[in-house]
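Nothing in this text is a laboratory measurement; each read-out follows from the coordinates by a stated rule. Predicted model, so just to flag it, every value in this text is computed and none were measured. Note that we place each Cβ from the backbone using ideal geometry, even for glycine, and neighbour counts take in every protein chain shown.
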Amino acid sequence: MTDTPFDPQQAMANARHEFGEHGGVNMSIEASTTFTVMTPELMPEIFAGQLGPNEGGCYLYGRHFNPTVFVLGRMVAAMEGAEAGYGTASGLSAIAAVIMQRCGGGGKVVSSNTLYGGTWALLDEYLPKNCGVETTFVDIQNLTEVETAMQNGAKVLYTESLSNPTLRTADIKALASIAHKNDAILVVDNTFTPMIFSPIQQGADVVIHSATKFISGASDVIAGVICCSKSFIEELMDLHLGSLMLLGPTMDPIVAFRLSLRLPHLAARMKEHSCRAMYLAKKLQELGEDVVYPGLKNHEDHALFNSHRNEEYGYGGLFTVDMKTPERASKLMDLLQNEHRFGFIAVSLGYFDTLLSCSGASTSSEMSKDAQDSAGISPGLVRFSIGLTGSIEERWNQLKQAIEQC
Ligand SMILES: *Cc1c(COP(=O)(O)O)cnc(C)c1O
């Protein structure tokens, strides 16, 4: 054994051992929804779980395992250093399936109070109303508050690696130890920071990605991935009690194939997103703007971020600028899109071009005004997901001019 630090890029490269059907350099797409068994006696063994993708390469039906989706899951699992992984139809269905599997039928969740709006609505409204699953929301930076909340017997501690849109870092090591002390699992949404953080290496039990964002990189597919232990994937796929099997948010094999072509250059893209975001955030700070970016030394969690991150991949592609009022936020976005061609006014992130959104009026609008305030979301907050296109000097000129016009 060596103590070389975990490198997601190398781990993924080492795990690659698929060829296409005719020796193609890319894997083949298995588009069949059902699979032949060679002899009838095998069918009951597949149904009983004695045979499967890892046990004899046996497949049953496309809502259960599919070979193409299986390989994609293995690639993302390798990137996270997880035992197993599987693709889902969306990031949100991955989150819902994991929480239902652990907490369905009255289990409790403790969650960060700063979340992607869809996840917030799921935990705050949908699950209590429809499934009796209650969530206690906490300030995830306040470990004492987390510990106290966990005393209620919660089975899941839930957080985003980097909170949306406030860009605070979660202390994964500390949260994992709190979760495990209370017989719970730590579930981390790593959508904002693929490659930068490897939460499973720091004790998390489940990592979820919305592959719609950086993993796709082209804003052309909705997809999710769950990385965890092999036994938890099997539980999610159980023919009688599995949330993935029975709620059925199945990833299309063609989507899995397309994503498999994006993963090999995810590392290069993340480095470039990070490098450009850092350049622009520094320039904005020099100009006296109220910019929040984990790579800046004045960021509240700069040291914590450094202690958890994989080196080489930077601090991510997202920063926020507080324009103080919704009117100034709108003016800035309008100028940036329609006059300077700096980026697009659109929700989402991880696209190859820059995306701009006013969080309070868009991706966090599921939260009440009070919930937004307590999560630190100012009404004039503009979130930037910095793209990879254009010359960086010219991009800075465009941004600087727009800011000066506001
Ligand atoms: C977009 C997003 C999700 C939801 O993913 P979908 O693929 O849109 O279902 C969950 N978490 C975060 C942090 C996101 O940005």
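Tabulated values for the structure
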read-out: Estimated FRET transfer efficiency (Arg63, Ala268; beta-carbon r; R0 41 Å; 0.05); value: 0.75
read-out: Computed FRET value (nearest 0.05) for Ala13 with Lys129, which takes r as the C-beta separation and R₀ as 60 Å; value: 0.85
read-out: Residues of the stretch 179-219 with amide N under 19 Å of a point placed 7 Å along Cα→Cβ from Phe352; value: 211-219
read-out: Least to most buried among Thr34, Thr114, Thr212 (fewest other Cβ within 10 Å first); value: Thr34, Thr212, Thr114
read-out: Residue with peak Gaussian network fluctuation, the chain [Cα springs, cutoff 10 Å], from Gly85, Gly57, Gly314; value: Gly57
read-out: Sorted by Cβ neighbour density within 10 Å, fewest at the top, the residues His64, His209; value: His64, His209
read-out: Under 18 Å from Lys213, Cα to Cα: lysines that are on another chain or at least 8 residues apart; value: Lys271
read-out: For the stretch 8-260, alpha-carbon Rg relative to the globular expectation (2.2 N^0.38 Å, N residues); value: 1.01
read-out: Label-reachable residues, the stretch 1-32, where backbone N falls under 11 Å from a point 7 Å from Glu83's Cα toward its Cβ; value: none
read-out: Length gained when the stretch Glu327-Glu145 is fully extended (0.36 nm per residue, less Cα-Cα span); value: 62.0 nm
read-out: Pair Ser391, Ser365: separation of 7 Å Cα→Cβ label points (nm); value: 3.8 nm
read-out: Listed residues Gly295, Asn338, Ala281: farthest to the positive end of the dipole of the chain (Cβ charges); value: Asn338
read-out: Built amide H within the under 5 Å cut-off of Glu134, gap 5+; value: Val109
read-out: Choice from Ser216, Ser368, Ser274 with maximal GNM fluctuation in the chain (Cα, 10 Å cutoff); value: Ser368
read-out: Fewest-first ranking of Phe352, Phe19, Phe305, using other Cβ atoms within 10 Å as the exposure measure; value: Phe19, Phe352, Phe305
read-out: Candidate lysines for bridging to Lys108, where Cα separation is under 27 Å - those fewer than 8 sequence places away on the same chain excluded; value: Lys129, Lys155, Lys173, Lys181, Lys230, Lys369
read-out: Hz values of 3J(HN,Hα) by residue in the stretch 228-243 - Karplus curve (6.51, -1.76, 1.60), Gly and Pro given as x; value: 5, 6, 4, 5, 6, 4, 5, 4, 4, 9, 4, 5, 9, 10, x, 5
read-out: Cβ-Cβ FRET estimate between His302 and Glu41, R0 fixed at 51 Å, reported to 0.05; value: 0.25
read-out: Inter-label distance, nm, simple model (7 Å from Cα along the C-beta direction), Ala31/His240; value: 3.7 nm
read-out: Within straight-line cross-link reach of Lys283, lysines at Cα separation under 16 Å, skipping those fewer than 8 residues along the same chain; value: Lys297, Lys400
read-out: Alpha-carbon Rg/Rh ratio, for the stretch 266-405, with Rh computed the Kirkwood way; value: 0.95
read-out: Choice from Ser391, Ser229, Ser330 with maximal GNM fluctuation in the chain (Cα, 10 Å cutoff); value: Ser391
read-out: For Phe344, residues with placed amide H under 5 Å, excluding near neighbours; value: Thr354, Leu355, Leu356
read-out: Extension gain, His180 back to Asn152 (0.36 nm per residue minus Cα-Cα distance, nm); value: 8.7 nm
read-out: The chain - share of DSSP beta bridges that are antiparallel (%, nearest 5); value: 55 percent
